[in-house]
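First the structure, in the form of structure tokens, and then the observations on it.
The values are calculated or read from the model by the stated rules, or taken from the named source; none is laboratory data. Keep in mind the model is a prediction, meaning the values are calculated, not measured. Don't worry about glycine lacking a Cβ; one is built from the backbone with ideal geometry, like all the others, and counts go over all protein chains shown. Keep in mind that these areas ignore ligands, DNA and RNA; they rest on the heavy atoms of the full protein, side chains included. Shrake-Rupley method; radii C 1.70, N 1.55, O 1.52, S 1.80 Å.
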Amino acid sequence: METPEPLVQNEAARRWPAALAALSGSTMVGFMPLLARRLYADGLGAPSMLFWRYDLAIVALAVAALFMQIDLRRVLRGGGWRIVLLGATLGSAQTLCFWESLKTLETSIAVLLFYTYPAVTLALDRLIVKQPIRPIAVLCIAMMLGGAALITLPGVRGGMIDLRGLLWAIPSPLVYSLYLAINSRLLRHYPPLVGAGGLFLGMAITFSAMALLLGLDTPSHPASWLLVVLIALGPGALTMTLFSYSVPKLGATGFAILANAELVTVVVIGILVLGEEITPGRAIGGLLIVAGIVTHALARRDAARLPRPASRPIPTGGTWKTKAS
């Protein structure tokens, strides 16, 4: 029996907006390395940059929650505190690991290590929640890892590996994969704005505490303040809201695959803004990542159209097996 057309349309209507949200948010995050390095050059350390990002973003999200008439205290009492706790722990840890690694590690090495997280996420889905591994997902992730390697390996060969940066970078994909896996289940019960606000509130608490302990760097130029506000609103509040909307609908592995659009954005910015060379390896790597994303999206659409077996009624007097015997 074939799947009724309305069910296919409902599945597509549920998946495609989430996929577009994931792609849009990941594209905005792709601007972060460029913006962060400019703030580092202005004298901001990674904890201070993240403090300003999350504290300003949480103000914007709080204003949006008030406009939407969301009772935040009721949400927190009803279990929303778990989102805050997740943001304060795993969310802050994966963010700090990645951005600290960029200070002393070649960007290519840090990116290559971080972009192993889709494979780690797939493994966690299988090992922890016993989710079946679809061969098409393995193929898409292999294509993206190959693309990431082609893009970043020239930089890996051309630079020395800093041990301190390496120690920051190695845990990042595992922590982020755990963060995705938990969010894909926890955020199903809350509106996207609540999920974004809870996660950023937790991160704001963590980095505010770090600012008290380590000291707070302040932007010294109006242009730097503009960058901080841009990071807080674009790759910050808006991206996290899109994340909170898309992750529960796509699942951890589905989101991890689509989020590779971030790496494509980084490459495009490097070529258009920084004047980096367009090499055959980078071009092929970018095409592999795009092909992996498109293949995964089309496979999800086709899976929704596959015929589902009709349920067979149990005959009077026993099961099908006992009736046949």
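When a/c is below 1.5 the answer is rounded, else prolate if a/b is larger than b/c, else oblate, so apply that to the stretch 75-129 with a ≥ b ≥ c taken from the square roots of the Cα gyration tensor eigenvalues.
Numbers: a/c = 4.75, a/b = 1.47, b/c = 3.23.
It comes out oblate by the Cα gyration axes.
What order do you get for 187-195, 223-231 when each peptide is scored by the mean count of other beta carbon atoms within 10 Å, highest first? Please report the intermediate quantities before stating the final value.
Numbers: 187-195: 19.3, 223-231: 17.3.
Result, highest mean first: 187-195, 223-231.
Cβ neighbours within 10 Å, averaged per peptide: list 133-139, 52-58 in order, most packed at the top. Please report the intermediate quantities before stating the final value.
Values: 133-139: 14.4, 52-58: 25.0.
My ranking of the peptides, most packed first, is 52-58, 133-139.
Could you sort 111-118, 212-219 so that the peptide with the highest average Cβ count within 10 Å comes first and the rest follow in order?
On the way: 111-118: 23.0, 212-219: 13.2.
Listed from highest to lowest mean packing, they are 111-118, 212-219.
Take 67, 51 and sort them by solvent-accessible surface of the protein heavy atoms, 1.4 Å probe, largest at the top.
Values: 67 170, 51 30 Å².
Ranked list, largest accessible area first: 67, 51.
With a 1.4 Å probe and all protein chains left in place, how much of the accessible area of the stretch 119-263 comes from carbon and sulfur atoms, in whole percent? Could you put the intermediate results ahead of the total?
Working: 4860 of 6480 Å².
Carbon with sulfur: 75 percent of the solvent-accessible area.
What is the stretch 179-280 by shape, rounded, prolate or oblate, if you read a ≥ b ≥ c off the alpha carbon gyration tensor as root eigenvalues and call it rounded for a/c under 1.5, prolate for a/b larger than b/c, and oblate otherwise? Provide the component values of the computation, followed by the final result.
On the way: a/c = 2.28, a/b = 1.08, b/c = 2.10.
Judged from the Cα gyration tensor, the stretch 179-280 comes out oblate (a/c at least 1.5, b/c at or above a/b).
Could you rank 144, 68 by how accessible they are, 1.4 Å probe, largest area first? Before the final figure, lay out each step's value.
Working: 144 5, 68 120 Å².
Solvent-accessible surface, decreasing: 68, 144.
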